[in-house]
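The next block holds one structure in the form of structure tokens; read it before the comments.
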Ligand code: NAD
């Protein structure tokens, strides 16, 4: 199984990052092995009635990396590239992210290999309900709590609540986070990840003595993370010059009207063709001069081939795993880019998910202001802890973030010992 997982380039990348950090931390062989490999890998097949009368079998996965620090937590992704290796890599990153943020969770991830853009809402509902049913033996509000990720949203989470609650015989809102506010979702969860990215970008601009007002940003991906990050930055005075999604890239040197673009995407399904902007090659967009580059779509987009050509001062990783280890080496050697590593940069999502879960199990309700203030306090504390560690140890921000996360997990495993 180890070899099979390592065949996946994304899992191999997550494993390589872990190995490098484990070497640096001089982790014992025993703790290293216990931290590295996922606890549970679950794969299910799901026959689903399609609208045209045919039946299609989909493959779905859920990987629970480890359960030593509490229930596992992580998103559910619908994308044509999903496979077990990718899901296992994302579960491992979730692990270090929850630990870095000192949330009482282990990491998990789920994914279904499908193309949600080519499916009707009824087909997506049937697929989600079938997946939730298959997952019932493995999830629970004290065991494994899902959330939205690429290709899924609040509606997806609402269907999972419905399936799980129907099975339990009573409403169990804490089974997922990122659900609609009407169904005991949290105020502020929808925008939390993008808000967190924008908050940290502004803290990073401050650290490099750059004014927020008038700075420029380029954003890859205009879904949940990218759109709220772009909008928050734009409201704060940052010129968001370029935005791309699966349909193409748009550019305006004077700054895009991000709110108008959001409306346009809701109507047309993509950024391509947006008025008041010129079209651009999406790959070229990443190489344009800007203060802040925010990859907020896929993994492995900043790679050996383009890392040396980036013209940004801050790389803010809204997506999970957007930078390959080879690109990291180049960026470290350059030394002129302030990296906000993914497990910190996009941690706003899981942090507000944690707040949502706390509100659900305590039967309380916080206002949006309360939620976002608590979020900013936690991000600020972790950001400063990370910078201090990086400076003291003379390591990159990514190494610092991973070290801090892995340390929390390793310590818990050491203290708990082995059963039996
Ligand atoms: P989403 O489905 O809401 O949006 C994804 C966006 O990426 C869409 O705009 C899509 O068109 C675009 N995209 C897809 N392929 C692309 C390509 N080849 N080039 C450019 N754009 C492309 O997904 P999301 O929830 O915003 O997640 C984006 C990333 O952020 C993922 O890596 C996810 O794991 C990570 N993330 C999400 C959350 C969350 O709360 N949603 C939290 C933490 C991390």
For this session: Could you please tell me the mean projected area of the C-alpha convex hull for the stretch 101-207, averaged over all directions and given in square nanometres to one decimal?
Result: 8.5 nm²
Problem set entry | Relative contact order %, the stretch 312-372, counting alpha carbon pairs below 8 Å whose residues are six or more apart | 37 percent
Exercise. Which of rounded, prolate, oblate describes the stretch 197-312, given a ≥ b ≥ c as roots of the alpha-carbon gyration tensor eigenvalues and a/c under 1.5 marking rounded, otherwise prolate only if a/b is larger than b/c?
Worked result: oblate
For this session: Quick one: grab the alpha carbon gyration tensor of the chain, order the square roots of its eigenvalues as a ≥ b ≥ c, and give me rounded if a/c is under 1.5, else prolate or oblate depending on whether a/b is larger than b/c.
Result: rounded
For this session: Have a look at 184, 211, 359 and tell me which one the Gaussian network model of the chain (Cα, springs below 10 Å) gives the largest fluctuation.
Result: 211
Problem set entry | the chain - mean residue ellipticity at 222 nm from DSSP helices (-39,500 (n - 2.57) per run, n ≥ 4, rounded to 500) | -15000 deg cm²/dmol
Exercise. log₁₀ I(q)/I(0) of the stretch 6-63 at q = 0.13, 0.21, 0.29 Å⁻¹, via Debye over equal Cα point scatterers, no solvent, to two decimals?
Worked result: -0.53, -0.87, -1.15
Exercise. Counting DSSP beta bridges in the stretch 68-219, what percent are antiparallel, to the nearest 5?
Worked result: 10 percent
Problem set entry | Gyration tensor (alpha-carbon) shape descriptor, the stretch 333-420, a/c threshold 1.5 | oblate
Problem set entry | Dimensionless Rg/Rh of the stretch 1-101 - Kirkwood Rh, Rg from C-alpha atoms | 1.06
For this session: Note down the relative contact order for the stretch 246-335 as a percent, whole number, built from C-alpha pairs under 8 angstrom at least six residues apart.
Result: 25 percent
Seminar exercise, completed: Of all DSSP beta bridges with both partners in the chain, the antiparallel percent, nearest 5, is 45 percent
Exercise. The stretch 54-105: percent of C-alpha pairs farther apart than 13 Å?
Worked result: 58 percent
For this session: Mind ranking 102-109, 232-239, 360-367 by how tightly packed they are, going by the mean number of other C-beta atoms within 10 angstrom, highest first?
Result: 102-109, 232-239, 360-367
Problem set entry | Relative contact order, percent, the chain [alpha-carbon distance under 8 Å, six or more residues apart] | 16 percent
Problem set entry | Protection proxy ranking of 88-100, 215-227 - average other beta-carbon atoms within 10 Å, highest first | 88-100, 215-227
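Any read-out appearing in this document is the output of simple, stated calculations on the displayed coordinates, not a laboratory observation. Predicted model only: the values in this text are computed from it and were never measured. So basically every Cβ, Gly included, is an ideal-geometry build from the backbone, and we count neighbours across all protein chains shown.
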